[in-house]
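A.B. asks: Just dropping this structure here.
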Amino acid sequence: MEAKAYLKYARISPRKVKIVLDLIRGKDAGTAMAILKNTPKAASEYLIKLLNSAIANAEHNFDMDVSKLYVSECFVCPGPTLKRIMPRAQGRADRILKRTSHVTMVLKERV
């Protein structure tokens, strides 16, 4: 049995999120939370909320034991990109890509 939580349209680049997800994959839920709280990355804030949501889903929807949970799967996919224009010299324009992310986290119980 597994509990999932999704974060969609987060205004952070998938590349930045992937770095932090690699730190917590396969870890116990408590250890993963400690790692996220002590990691000075912008993605940590989003992932703390997502992990809390996944833990709550596991506890309330599936009656899983919180002390046995671990992060079995976590991945990020790119969401839609917001395209913006920055004025440059001589009437030209540069495109700025404001990327978004869709993050999925799956928790399972250790046997």
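A.B. asks: So which residues in segment 53-111 are part of a strand (DSSP E or B) and over 21 Å from the mean Cα position of the chain (by Cα)?
C.D. replies: Across segment 53-111, the qualifying residues are K83, R84, I85, M86, P87, A93, D94, R95, I96.
A.B. asks: If I go through segment 23-43 residue by residue, how many of them are surrounded by fewer than 18 Cβ atoms within 10 Å (Cβ to Cβ) and either within 20 Å of T100 (Cβ to Cβ) or touching a Phe, Trp or Tyr at 6+ places or on another chain (Cβ under 6 Å) (or both)?
C.D. replies: The qualifying residues number 3.
A.B. asks: Report yes if some residue within segment 8-17 is surrounded by 13 or more Cβ atoms within 10 Å (Cβ to Cβ), in contact (Cβ under 8 Å) with a residue 40 or more places away in the chain and in a helix (DSSP H, G or I); otherwise report no.
C.D. replies: Yes, segment 8-17 contains a residue that is surrounded by 13 or more Cβ atoms within 10 Å (Cβ to Cβ), in contact (Cβ under 8 Å) with a residue 40 or more places away in the chain and in a helix (DSSP H, G or I).
A.B. asks: Would you check which residues across segment 81-111 are surrounded by 11 or more Cβ atoms within 10 Å (Cβ to Cβ), within 30 Å of E2 (Cα to Cα) and either at pLDDT below 95 or not aliphatic (A, V, I, L, M) (or both) and list them?
C.D. replies: Selection gives R99, T100, S101, H102, T104, K108, E109.
A.B. asks: In addition: Determine whether P78 is in contact with a Cys (Cβ under 8 Å, 6 or more places away or on another chain), touching a residue at least 12 places away in the same chain (Cβ under 8 Å), within 29 Å of R95 (Cβ to Cβ) and not hydroxyl-bearing (S, T, Y).
C.D. replies: Here the answer is no, as P78 does not meet what is asked.
The values are calculated or read from the model by the stated rules, or taken from the named source; none is laboratory data. These numbers come from a predicted model, not from an experiment. Ideal geometry is used to build each Cβ from the backbone, glycine not excepted, and the neighbour counts take in all protein chains shown.
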